[in-house]
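Engineer: Here it is, the structure, as structure tokens.
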């Protein structure tokens, strides 16, 4: 085959595929519009369109962020600032590629602002900086991004969360014993910070040894469960406490401990909450959950993005302090709201 | 004597290609009909119609007086029509017994009854004198001849009224052939009719009472075997006198350009010795499995050479890659031009010039204009019938495809051409073109080795013929010293090739 | 003919390639037992509990791989396993969510898998499309359908006895029947599936036809095997098993989830290939596949317990797949 024809063929193909991909992306985003909930006051003015891109959509945590996003949207609309928030995330929590193309598609679509919870602290830098250079302000939430260009960074102080969890576990064990850290997934910034915070805090207890801290649970519930079952079976006779840096790992570890009949005996300090985790907390299978405030995070992020889109000044950084909820304090009203966020009110389910 | 099968005006087309245009024949009970025809005459299609693998577009058939129009292989089988295909149709991972009863396993509630399966298979194999074969042995691990017999056993389990054998001896040894003939004779005495397809006319004469000749999808002659001479049959097969098919173009033979000394490959050949001279057309004959294609492949550097020496122009060749061979002026046209020879989706021009793009290339880019001009002149020289050099090769007829394959060697400037079955599956007119082309090449001083399993063409165009038998290639002898009988005997290892038989007995 | 001369090494090789996976499994079990028995805090890799856990972890892949074995033996491939499992999981979850009986959920999951499989088979058989392409398409379609049905979320349902299917160790309060089973009911389901499929493939006309089609499709057709019908049935049956695997996944997770089993097709195909099946069809056994699935679970469990980073597990499993295929190739080369 001649080089010339093949080259021109290739170029044409690339252009064609690019156009096709763009078209598909746009239509997919268009589909996302329908997710905006009814009951929003409609103004005649053109609404400010904010794209909100979470790390995932199936986990409870992201649903709560979504509720916060809708809360902010409703408030702003009621206050006379028409806002439309588009909620669009990858279904798989470790699909960086799809998150990158989601950002790119929103840039192409010409939204007024983007709220991004980046799956990767470096991989998402390029699309974010492209958005900013196209005059679309970006607010980073939940996990850090290696860039100082975003308008604002709103996140739980994850390291502090890890420290709180570590301190609590140490105190539960009376300062001595053997503990396990089951890590989440390689390359996830927020959980790595929690893990680092935990290790820092647990070192202040000289009589506590960490007997396993190298295993990663992986991205999904299935992989987390397998890893938990294997680890717990290995150390079931000696382990006194476990720290879990996020929801899937907390769920999997508790499940594995229950299967071995050593739940309640082994102290579990986890992160985040779901109805299941709350039940276990109540039953004494889990002894502490470090909680973020995802509803507030979504709320603050959308507000910041709208403000940035309107050219108003926004705080460059907003550290949200995590809270520790235990079986003892879980019935206090402030924790109750954190444990059972009013999802139904916003998501209608 | 009752008529077993009649076939009247059967026609079958595949898209625009008319494979059968009107076939008439009949077979009596307990008799054997030899069905003769060239490759591509429509024999295989006719067999597939008879066994229900294809549905005829027109015409009618009767079996023992009743209308016969099988809906599928199973239906034909249940009516008592069984076939042994030329190409092996065994599932090589499955055992012998399973293969024999494939598609027809005795079963109860969907569970295979292995005991009965083995009993039926054993009985069929005993008829063929293979009663001691391991029934669970994977068919793929059997020698080719035994695989062929397993296929015949499969046909026998249908208790056939009509048995069709399609080129059954192409992979059999002489002893196996004789054994097969005795089986056929026994079946005939039991009232079974046989259709025997072969282009070995001697074999047809040995087993068949009647013959029918197929050419270009139509039956052109039929009659009693005893009344037909060999020349008659060949004339019917090719449709014209043999002399005009094989044009004699005068050419001079010079010094030796290529020499093989005791070449042995991984399995075959075991011992190949040959000398090719400048301007010579050398025929290479051998039965399927004798190792003739393997010899060409080893010679061209496609297969590993275990022993022996190749000399080109007197120089021993140390490098053994096709690339080195091409640089030394040798070119090969594979017997399987569709999968190995041509890039079917690509234009003629690309196919012709693939091995040598240098003349049209500037700074790594190909000048299409010059490439096509060069291709066009080659096409004119070789009488390739096509819309133009940009047409895809896959759209051409078989004969024109073959011309393109040979044309590539000419474009490359090869002096030694290895042609493996250059006329397989192409029509008679195109064959004559190819023969003329080969003659012209020799007249230009090129040397050609033609591998063929069709003896008349070798006798018609070659200066010398060498015969291969079970991996052993003996030096060539002038064509005048051969006739079709001596060639075949040498190939089977029957007469003077006693050493050849010794080899195989090891 | 020189058959006897070749037969001996052939037989030895065939035996080795047949027993190879089994030997590897035993070797892994021994190695991990020794490795975990050393050090400051030894643990017993062969403890009843650990073996039970390994079996539970194998059962989902094993059931799916039984179906895949039949497909691969018949010369096909199914890339949509993971997605079909997710689809079945969502269908089962929805059935329970809307108050359906657990038995109905089981039937629904299996039916969903079967429909997807039958669709694959029909497209492959009727239009002669390449299985790779058809099932690649189904991989997207089934995953998308799962997300659509689940509204891109997880499907929750009230706790019921299905949850007991994948519980590795019986609880003190469990009914006697669960305790009497010794291992989780899901493991028994996998074992029954394996035995049933092994019998089907070895003894039945349908099973033998699958081998014949994979070995030489043209020959099977000429011998009157109904190739198309058989292909549809093969993919549908395999799909039903994928549905069953999806049900066990649902039971294990306590929820229907459209994002589960991502990339699981590779685990399933790997189990079949490690078990000695050839991707070109005609060879492969259910027993081999089960051993292949066990090898992967044991490897994962052992390396987890030794505290090896996940990266090493992935490298090891990848290397084992290549090794298994290499042995297969060697065997075929010699035999052919």
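The values are calculated or read from the model by the stated rules, or taken from the named source; none is laboratory data. All of these numbers come straight from a predicted model, not from anything done at the bench. Virtual Cβ from ideal backbone geometry, glycine too; neighbours counted across all protein chains shown.
Conditions tested, residue by residue: (1) part of a helix (DSSP H, G or I); (2) within 13 Å of another protein chain (Cβ to nearest Cβ); (3) at pLDDT below 90.
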site	(1), (2), (3)
A:10	yes, no, yes
A:18	yes, no, yes
A:22	yes, no, yes
A:32	yes, yes, yes
A:37	no, no, yes
A:51	no, no, no
A:68	yes, no, no
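So that you can scan it fast, the table gives a plain yes or no per residue for (1) modelled with pLDDT of 90 or more; (2) under 28 Å from residue B:431 (Cβ atoms):
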site: B:13; (1), (2): no, yes
site: B:17; (1), (2): no, yes
site: B:38; (1), (2): no, yes
site: B:49; (1), (2): yes, yes
site: B:53; (1), (2): no, yes
site: B:66; (1), (2): yes, no
site: B:69; (1), (2): yes, no
site: B:86; (1), (2): no, yes
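Engineer: A further question follows. Here's a check for you: in the range C:180-224, which residue that is more than 23 Å from residue B:109 (Cβ to Cβ) and facing another protein chain (nearest Cβ under 7 Å) is surrounded by the most Cβ atoms within 10 Å (Cβ to Cβ)?
Structural biologist: C:215
Engineer: Kindly provide the set of residues from the range C:30-54 that are crowded, with 16+ Cβ neighbours inside 10 Å and within 11 Å of chain A (Cβ to nearest Cβ), ordered by number.
Structural biologist: Selection gives C:32, C:36, C:43, C:45, C:49, C:50, C:51, C:52, C:53, C:54.
Engineer: Are there strands (runs of 3 or more DSSP E) fully within the range B:1-120 with at least 2 residues that are within 11 Å of chain C (Cβ to nearest Cβ) and within 30 Å of residue B:230 (Cα to Cα)? List them.
Structural biologist: Once the strands (runs of 3 or more DSSP E) in the range B:1-120 are filtered for at least 2 residues that are within 11 Å of chain C (Cβ to nearest Cβ) and within 30 Å of residue B:230 (Cα to Cα), what remains is B:81-84.
Engineer: Return only the number of the condition from (1) within 24 Å of residue C:303 (Cβ to Cβ); (2) more than 8 Å from chain C (Cβ to nearest Cβ) that residue A:237 does not satisfy.
Structural biologist: So the condition that residue A:237 fails would be (2).
Engineer: If you check residue A:338 against the conditions, is it closer than 19 Å to residue A:157 by Cα, surrounded by 13 or more Cβ atoms within 10 Å (Cβ to Cβ) and touching a helix residue (DSSP H, G or I) at 6+ places or on another chain (Cβ under 9 Å)?
Structural biologist: In short, yes.
Engineer: Could you check residue A:191 against (1) farther than 30 Å from residue C:57 by Cβ; (2) within 22 Å of the chain's Cα centre (by Cα) and say which number it fails?
Structural biologist: Going through (1) farther than 30 Å from residue C:57 by Cβ; (2) within 22 Å of the chain's Cα centre (by Cα) one by one, residue A:191 breaks only (1).
Engineer: Limited to the range A:162-191, what total is found for residues that are surrounded by fewer than 16 Cβ atoms within 10 Å (Cβ to Cβ) and either assigned to a loop (DSSP other than H, G, I, E, B) or in contact with a strand residue (DSSP E or B) (Cβ under 7 Å, 6 or more places away or on another chain) (or both)?
Structural biologist: 5
Engineer: Continuing with this model, one more query. Would you be able to tell me the number of residues in the range B:472-490 that are touching a strand residue (DSSP E or B) at 6+ places or on another chain (Cβ under 7 Å) and not in a helix (DSSP H, G or I)?
Structural biologist: 8
Engineer: Hey, any hits in the range A:107-114 for a residue that's touching a helix residue (DSSP H, G or I) at 6+ places or on another chain (Cβ under 8 Å), in a helix (DSSP H, G or I) and in contact (Cβ under 8 Å) with a residue 60 or more places away in the chain?
Structural biologist: So far as the range A:107-114 goes, yes, one or more of its residues are touching a helix residue (DSSP H, G or I) at 6+ places or on another chain (Cβ under 8 Å), in a helix (DSSP H, G or I) and in contact (Cβ under 8 Å) with a residue 60 or more places away in the chain.
Engineer: Could you tell me whether residue A:194 is away from chain C (no Cβ under 14 Å) and either assigned to a loop (DSSP other than H, G, I, E, B) or in contact with a helix residue (DSSP H, G or I) (Cβ under 6 Å, 6 or more places away or on another chain) (or both)?
Structural biologist: Taking the combined requirement at face value, the residue satisfies it.
Engineer: What's the number of the only condition in (1) crowded, with 24+ Cβ neighbours inside 10 Å; (2) out of contact with any helix residue (DSSP H, G or I) (no Cβ under 9 Å at 6 or more places or on another chain) that residue A:261 fails to meet?
Structural biologist: Residue A:261 satisfies every listed condition except (1).
Engineer: Something else: Residues in the range B:351-391 that are in a strand (DSSP E or B) and surrounded by 17 or more Cβ atoms within 10 Å (Cβ to Cβ): how many?
Structural biologist: Looking only at that region, the number is 1.
Engineer: Right, something else. Can you run down the residue pairs with Cβ atoms below 6 Å, 6 or more apart or on separate chains, where the first is in the range B:160-182 and over 15 Å from residue B:127 (Cα atoms) and the partner is modelled with pLDDT of 85 or more and part of a loop (DSSP other than H, G, I, E, B)?
Structural biologist: B:161/B:80
Engineer: Now for a different question. Here is a check on your reading of the model: is residue C:85 over 13 Å from residue C:268 (Cβ atoms) and modelled with pLDDT of 95 or more?
Structural biologist: Against the criterion (over 13 Å from residue C:268 (Cβ atoms) and modelled with pLDDT of 95 or more), residue C:85 does not qualify.
Engineer: Right, next: Using the structure shown, decide if residue C:134 is surrounded by 15 or more Cβ atoms within 10 Å (Cβ to Cβ), under 19 Å from residue C:242 (Cβ atoms) and touching a residue at least 60 places away in the same chain (Cβ under 8 Å).
Structural biologist: For residue C:134, the condition - surrounded by 15 or more Cβ atoms within 10 Å (Cβ to Cβ), under 19 Å from residue C:242 (Cβ atoms) and touching a residue at least 60 places away in the same chain (Cβ under 8 Å) - is not met.
Engineer: Being in the same structural domain as residue B:452 (by TED's automatic domain parsing), at pLDDT 90 or above, in contact with a helix residue (DSSP H, G or I) (Cβ under 9 Å, 6 or more places away or on another chain) and buried (at least 19 other Cβ atoms within 10 Å of the Cβ) is true for just one of B:301, B:286, B:279. Which residue is that?
Structural biologist: Only one candidate passes the filter, namely B:279.
Engineer: Okay, moving on. Just checking, which of B:114, B:92, B:108 is modelled with pLDDT under 90 and closer than 17 Å to residue C:211 by Cα?
Structural biologist: Result of the check over B:114, B:92, B:108: B:92.
Engineer: Same structure again: Can you pull out the helices (runs of 4 or more DSSP H) entirely within the range B:152-271 that have at least 2 residues that are farther than 30 Å from residue B:330 by Cα and touching a helix residue (DSSP H, G or I) at 6+ places or on another chain (Cβ under 6 Å)?
Structural biologist: Fully inside the range B:152-271 and qualifying: B:174-189, B:201-207, B:230-238.
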